[in-house]
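Read through the structure below, which is laid out as structure tokens, and then see the notes.
The values are calculated or read from the model by the stated rules, or taken from the named source; none is laboratory data. What you are looking at is a predicted structure, and each value in this text was computed from that prediction instead of being measured. Neighbour counts run over all protein chains shown; Cβ positions are idealised from the backbone, glycine included. Ligands, DNA and RNA are excluded from the accessible area calculation, which covers all protein heavy atoms including side chains. Shrake-Rupley method; radii C 1.70, N 1.55, O 1.52, S 1.80 Å.
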Amino acid sequence: MTMTRLVAVSLAFLTLTTPMALAQMEDGLAGDPERGKVVYRSVGYCGNCHGWPGDGLTGTMLQAPAAPSLRESTLDTETLFEIIKCGLPGTPMPYHGRTAYRDDSCYGMALADFAPENKPRRGKTFSDADITNLVAYLETSVMGLGEPTFEECADFFDNPDARPCSRFK
Amino acid sequence: MKMKHCVAGLTALTAAGLASGSIAGEVTAERLLAAGTEAEAGNWLMVHKTFDSNRFSTLNEINADNVSGLRLITAATLGGTEPAGFGVGSMEATPLADDGFLYVSDPWGTPYKFDMNDGKSLKPVWVCDTGIDKDPSNGVILANRGLALSGNNVVTVLNDGRVVACDSETGDVVWDVQAATDQGEGFSNSPQAIGDKIIIGQSFGDWATRGWIAALDPDNGDELWRFYTVPEPGQPGSETWLCEETGNPDCWKTGGGAAWVAGSFDPESNTLFWGTGNPVPMYDPEYRPGDNLYTNSTLALDADTGELKWHFQYTPGDYMDYDEVGIQLLIDKEINGEERKVLAHFGRNGIFYTLDRTNGAYINSATYVSNLNWTEGIDPKTGKPMEYDPSASLQTYAIGAIDRAGATATTCPNIQGGTNFFPTAYNPELGLAYAVGIEGCSDLSVRSVDPDDVVAGEIFIGGSGVNSGAQTGAINAVDVATGEVSATRPTTYPMYSGVLATPDLMWTAHTDGTVAAYDATTLEEKWSMNVGTSFQAPPIAFTAGGKEYIAIVGGGIGIAGMGYAELNSIQPANMLWVFGLD
């Protein structure tokens, strides 16, 4: 894949054909949303950029602009899997796949193929199963939801007294 | 105790002719006043060493001629690596030393005492249990910049808004007060003991709160006075908050101006000098039009009443996060043939300023970073940036405005400085002031937030300021008499640690784990050693058993990685390190 097309993917979130990713999902790795919540919250610390509710507003990362709202995202399953696995080169979205850029599953590219300013950032490393779990969490508990609620916050942190939940009281 | 009594006590102390070279026990007002004298040369009784914040130690057993033989003597582990909402905190505390005992704090503000008197090891004496809730959902940047020794107590300030005094012998809690009571308020700095008061500063302005400085009774923590750094409507300075223009008349209530680094104290005039933080939200001036007093300022406060004597605002109507909480160096110096009582300050905005500390009048300034583009220069009469328009509700500096319509800008230095909370120092024997900091730029943009969505206790920045290209660092020495940068030493990585000055050396430490000593005049490296923890705190010099040592705390990288993979791989392991000669 050319960098031009890759950038287009990054900007427009076009759906791509990702044979390896699709194959893994079609192999029957049913995602577990509960485990996916844990991955989002305290394995990948996704909320640092996306906000705990995935609203793109309440993140705590000061070294990057606020990440896109996942609640408003319309990405399909395959694209979510790919972006989590491979990141979005040239943006702060890091890659999380164990084999990302070491086999040809990420845009057919290796890290050495990128110019320094576009080199994908490395995030926490997830198994493919956990990427599937995370996608399941996003699709069942984040995407398409409106404003976050106290109940959602208390459930996310497993603690009704968590600091971020105070705004709902 | 009133200050005049302290002065009388100091006189008596001096008359007694204490010549032991080290005195210990209760840390009285007299001892704090004498912190820079020969009697206390082996001790480091307050975070900035002396009330003038010079961080200059007269100890000279370790010097430029023998520092090449310096080695690691011992180390001790500290706790506090539990994360909060922004991750694991950084070790930013200056250790305190008294009679061979060291007092340090971790990022959660927990105080520790160690005994170094055998010259070989740091024996844990106690850990004071403050009962802090290490809530991982608490969305604050964890930091604690040190402790205060007050009488027989060791005082700490906590991110939950409490101030806790621990018994210096036993580590038991003596008193515990909820000094900050409004939602979102708390502390990341260090308390400042001045004998008859403990001065504290509310630190979480960027979390949609209003900054304040207060004095507490050292016997019980009762509040004696409070000064709000953002005035309420009708108070002097409130005319610089044009909240009515925005449709949100309460914009001042979340206006920031946090006081998140301990200030200086001039006993002669009984004046406190504290720096204040940025207006909030930092990147969206349309939320809070006006100059936004008393943000980005040096404040001179009457120590007995908290009344404002004068202020000097460095960057009015800021949108570049150039807060000025950093160190206020009090220096008596001849400038242009006139003996001046100077307040010198390395601005986060990249400019070194000298003011007359008796009235806040501007004296001189010099750019100390290699790349500064946000202003064409400083008006030599007013000390304000050339572009400053006192009649404008929104300032436009040389980089252009950023706004809600989409205008962006790139500002140099980096939004984190210049220098920042990283303590600076002054060598009175050489007339040189030192700072370490960052060399680079930041890309700025605005993202407006509806006032209804602003919640005290949640970070509120109104946009973004991200690194623009590579960030490096520098060590700078400035000749205070001439106002000129006398030496510069570029560094590979941005510097976060701060400075210690000894007679012929300048000490600092790097984010990659290197502790180093440089020639005090040329900044030529004289010694260095990499121990692997990231350094975001300055070293101190102290004695134990009559021998000089250098101590410093290190830990994880926190938010200081600045895009360097090798720095971001440094794991949190909080340590106290001690170096010495064989």
Subject >> One residue from B:96, B:102 being under 17 Å from residue B:539 (Cβ atoms), more than 14 Å from chain A (Cβ to nearest Cβ), open to solvent by less than 10 Å² (accessible area, probe 1.4 Å) and in contact with a Pro (Cβ under 8 Å, 6 or more places away or on another chain) >> reply: B:102
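Applying the selection to region B:294-305, what residues are surrounded by 17 or more Cβ atoms within 10 Å (Cβ to Cβ) and either more than 20 Å from the chain's Cα centre (by Cα) or within 15 Å of residue B:266 (Cβ to Cβ) (or both)?
B:298, B:299, B:300, B:301, B:303
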Original post:
Could you count how many residues in region B:329-371 are under 22 Å from the mean Cα position of the chain (by Cα) and either open to solvent by less than 40 Å² (accessible area, probe 1.4 Å) or of a type in the set (A, V, I, L, M) (or both)?
Top reply: 25
Subject >> Enumeration of residues in region B:106-123 that are touching a strand residue (DSSP E or B) at 6+ places or on another chain (Cβ under 6 Å) and farther than 19 Å from residue B:549 by Cα >> reply: B:109, B:111
**OP:** Mind telling me which of the residues B:192, B:235 ends up being polar (S, T, N, Q) and within 21 Å of residue B:45 (Cα to Cα)?
**Re:** B:192
Subject >> residue B:449 vs. criteria in a strand (DSSP E or B) and in contact (Cβ under 8 Å) with a residue 60 or more places away in the chain >> reply: no
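Going through A:74, A:132 one at a time, which residue ends up being among the hydroxyl-bearing types (Ser, Thr, Tyr), away from chain B (no Cβ under 14 Å) and open to solvent by 50 Å² or more (accessible area, probe 1.4 Å)?
A:74 is the lone residue from the list that is among the hydroxyl-bearing types (Ser, Thr, Tyr), away from chain B (no Cβ under 14 Å) and open to solvent by 50 Å² or more (accessible area, probe 1.4 Å).
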Subject >> Hits in region B:128-157 - residues which are under 28 Å from residue A:60 (Cβ atoms) and either open to solvent by 20 Å² or more (accessible area, probe 1.4 Å) or of a type in the set (Ser, Thr, Tyr) (or both) >> reply: B:129, B:130, B:131, B:132, B:133, B:134, B:136, B:137, B:141, B:145, B:156
Original post:
Counting only residues that are assigned to a loop (DSSP other than H, G, I, E, B), open to solvent by less than 30 Å² (accessible area, probe 1.4 Å) and either under 20 Å from residue B:140 (Cβ atoms) or away from every other protein chain (no Cβ under 14 Å) (or both), how many does region B:549-582 have?
Top reply: 7
Original post:
In region B:279-288, what residues are open to solvent by 10 Å² or more (accessible area, probe 1.4 Å) and assigned to a loop (DSSP other than H, G, I, E, B)?
Top reply: B:282
Subject >> Filter result (assigned to a helix (DSSP H, G or I) and open to solvent by less than 10 Å² (accessible area, probe 1.4 Å)) within region B:191-220 >> reply: B:205
Original post:
Just wondering, is there one or more residues in region B:473-483 that are within 14 Å of another protein chain (Cβ to nearest Cβ), open to solvent by less than 10 Å² (accessible area, probe 1.4 Å) and either under 24 Å from residue B:90 (Cβ atoms) or modelled with pLDDT of 95 or more (or both)?
Top reply: no
**OP:** Write out, first by first residue and then by second, each pair whose Cβ atoms fall under 7 Å of each other, whose residues are 6+ apart or on separate chains, and whose first residue, in region B:296-317, is among the polar types (S, T, N, Q) while the second is surrounded by fewer than 18 Cβ atoms within 10 Å (Cβ to Cβ) and modelled with pLDDT of 95 or more.
**Re:** B:297/B:311; B:298/B:311; B:305/B:225
Original post:
Applying the selection to region A:130-155, what residues are free of Cβ contacts under 8 Å to residues at least 60 places away in the same chain and small (Gly, Ala, Ser)?
Top reply: A:154
Original post:
Going through region B:376-409 one residue at a time, which ones are free of Cβ contacts under 8 Å to residues at least 40 places away in the same chain, within 30 Å of residue B:339 (Cβ to Cβ) and surrounded by 16 or more Cβ atoms within 10 Å (Cβ to Cβ)?
Top reply: B:378
Subject >> Selected residue (only one of B:223, B:232 is within 17 Å of residue B:280 (Cβ to Cβ), surrounded by fewer than 24 Cβ atoms within 10 Å (Cβ to Cβ), among the charged types (D, E, K, R) and touching a residue at least 12 places away in the same chain (Cβ under 8 Å)) >> reply: B:232
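Let me confirm something: among A:109, A:61, A:93, which residue is of a type in the set (A, V, I, L, M), part of a loop (DSSP other than H, G, I, E, B) and open to solvent by 50 Å² or more (accessible area, probe 1.4 Å)?
Criteria check complete, one pass: A:61.
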Subject >> Selected residue (only one of A:123, A:144 is closer than 30 Å to residue B:448 by Cβ and assigned to a loop (DSSP other than H, G, I, E, B)) >> reply: A:144
Original post:
Picking from B:532, B:457, B:469, which residue would you name as being open to solvent by 10 Å² or more (accessible area, probe 1.4 Å), within 14 Å of chain A (Cβ to nearest Cβ) and not in a strand (DSSP E or B)?
Top reply: B:457
Original post:
Take the residues of region A:149-169 that are touching a Gly at 6+ places or on another chain (Cβ under 9 Å) and at pLDDT 90 or above: which is nearest to the other protein chains (Cβ to nearest Cβ)?
Top reply: A:164
**OP:** All but one of (1) buried (at least 19 other Cβ atoms within 10 Å of the Cβ); (2) closer than 30 Å to residue A:61 by Cα hold for residue B:114, so report the exception by its number.
**Re:** (2)
Original post:
Can you name the condition, by its number, that residue B:50 falls short on among (1) open to solvent by less than 10 Å² (accessible area, probe 1.4 Å); (2) without any contact (Cβ under 8 Å) to a residue 24 or more places away in the chain?
Top reply: (1)
**OP:** Could you run through region B:170-202 and say how many residues are more than 14 Å from chain A (Cβ to nearest Cβ) and without any contact (Cβ under 8 Å) to a residue 60 or more places away in the chain?
**Re:** 14
Original post:
How many residues, within region B:334-350, are in contact (Cβ under 8 Å) with a residue 24 or more places away in the chain, over 30 Å from residue B:318 (Cα atoms) and not in a strand (DSSP E or B)?
Top reply: 0
Subject >> Subset tally (residues that are of a type in the set (Phe, Trp, Tyr) and modelled with pLDDT of 95 or more) for region B:549-574 >> reply: 1
Original post:
If you scan region B:124-159, which residues turn out to be under 19 Å from residue B:552 (Cα atoms), outside any strand (DSSP E or B) and either in contact with a Cys (Cβ under 6 Å, 6 or more places away or on another chain) or more than 13 Å from every other protein chain (Cβ to nearest Cβ) (or both)?
Top reply: B:143, B:144, B:145, B:146, B:147
